[in-house]
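Colleague: The structure's right below; bear with me while I get my questions together.
Here, each number is a calculation from the coordinates, and none is a lab measurement. Predicted, not measured: the structure shown is a model, and the values here were computed from it. Neighbour counts run over all protein chains shown; Cβ positions are idealised from the backbone, glycine included.
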Amino acid sequence: MTEHYEYINHNALEQCIVNQHPYPHAVIKNFIRPDKLEGIYRDFPNLDAGGVFNCTDNNTFGELAAFIQELKDESLRLWLNKKFNLNLTNLPTMTTLRGYSRKKDGRIHTDSKDKVITALIYLNPTWTAKTGQLRLLNSHNIDDVVEEVTPSAGTCVLFKVTDNCWHGYKRFEGSRRSIMFNYLITDKAAKRHKSSHFFSAKIKKLKSMLMPG
């Protein structure tokens with residue numbers, strides 16, 4: 001693996017250990033180079049509504065856009081192949097953003113089967129709340145915890161999408177910034193997800209216009 005990354009911390013990748021129980025996953029606390037965090041955070045859009053938002057030319061620019069482009073780098077794809085025993089060759093990617101957690105968010109779930117692997121990258125400068133930490137779980141039980149991850153800036157959680165990739169967090173309302181990066185099984189699946197996020201964002205915008213405040 002080359003060391004040409006501008007934003008991703010090469011040393012953190014080299015030291016990464018993938019845990020196999022209860023499903024393949026890894027937590028990388030310094031996934032983003034510390035000297036690059038400020039620029040990415042600065043260019044993150046102000047998403048004050050809950051839900052998932054597609055990356056578009058209107059909300060993704062500057063250092064955030066450059067970092068997201070680096071996530072698609074071929075050398076990172078090869079690293080994921082090796083670490084998680086995958087073949088991601090020619091598979092499409094999808095990148096989405098979250099900026100705000102509603103009380104209903106964080107419910108326990110597994111990712112949809114049209115996703116192959118998920119990367120959750122957090123961009124919260126500090127985290128003092130007692131809730132909102134991501135929990136990787138053994139089962140559909142929020143207290144059956146394998147590992148709890150504070151969503152601090154630069155931390156990345158990677159997991160292979162399996163039938164039992166349970167995860168969630170205890171109820172939290174407020175700013176909770178993250179990037180979700182996925183490889184998907186087909187272009188059709190990627191288009192379906194992006195369309196769903198697009199229409200959901202339109203509905204949220206309409207509701208905010210009709211019910212300001």
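Colleague: Average projected area of the Cα convex hull of the stretch 2-53, in nm²?
Modeller: 5.6
Colleague: Calculate, in nm to one decimal, what Glu14 and Arg102 gain on full extension: separation in residues at 0.36 nm each, minus their alpha carbon distance.
Modeller: Length difference between fully extended and current span is 28.1 nm.
Colleague: If you don't mind, there's one more thing I want to ask. Which value, in debye to the nearest 20, describes the size of the charge dipole of the chain about its Cα centre when Lys and Arg Cβ atoms bear +1, Asp and Glu Cβ atoms bear -1, and nothing else is charged?
Modeller: 960
Colleague: Out of all DSSP beta bridges in the stretch 10-189, what portion is antiparallel? Express it as a percent rounded to 5.
Modeller: Values: 34 of 35 bridges.
For the stretch 10-189, the DSSP antiparallel bridge percentage is about 95.
Colleague: Moving on to the next point. Mark the label point 7 Å from the Cα of Lys82 along Cα→Cβ and return the residues of the stretch 8-42 whose backbone N is within less than 14 Å of it.
Modeller: From the stretch 8-42, the list is 10-18.
Colleague: If the chain between His109 and Asn46 were fully stretched, how many nm would it gain, using 0.36 nm times the residue separation less the Cα-Cα distance?
Modeller: 20.1 nm
Colleague: Give Lys103/Lys160; Lys82/Lys113; Lys72/Lys191 a once-over and call out the pairs whose C-alpha atoms are over 23 Å from each other.
Modeller: Numbers: Lys103/Lys160 27 Å; Lys82/Lys113 21 Å; Lys72/Lys191 17 Å.
Beyond 23 Å between Cα atoms: Lys103/Lys160.
Colleague: Each residue of the stretch 121-130 in order: what ³J(HN,Hα) in whole Hz does its phi give by Karplus 6.51 cos²θ - 1.76 cosθ + 1.60, θ = phi - 60°, with x for Gly and Pro?
Modeller: 10, 9, 9, 10, x, 9, 9, 10, 5, 7
Colleague: In addition: Taking a temperature of 37 °C and a viscosity of 0.692 mPa s, what whole-number D in µm²/s does Stokes-Einstein yield for the stretch 29-167 with Rh from Kirkwood over alpha carbon pairs?
Modeller: 201
Colleague: Still on this model: Among Asp73, Asp187, Asp57, which comes first, then next, by fewest other beta-carbon atoms within 10 Å?
Modeller: In increasing order of surrounding Cβ atoms, one gets Asp57, Asp187, Asp73.
Colleague: A further question on this structure: If amide hydrogens are placed 1.01 Å from N in the peptide plane, which non-local residues have theirs closer than 5 Å to the one on Trp166?
Modeller: Counting only residues 5 or more places away or on other chains, the set is Leu137.
Colleague: Sticking with this structure for a sec: Hey, fewest Cβ within 10 Å first, where do Thr96, Thr126 land in order?
Modeller: Thr126, Thr96
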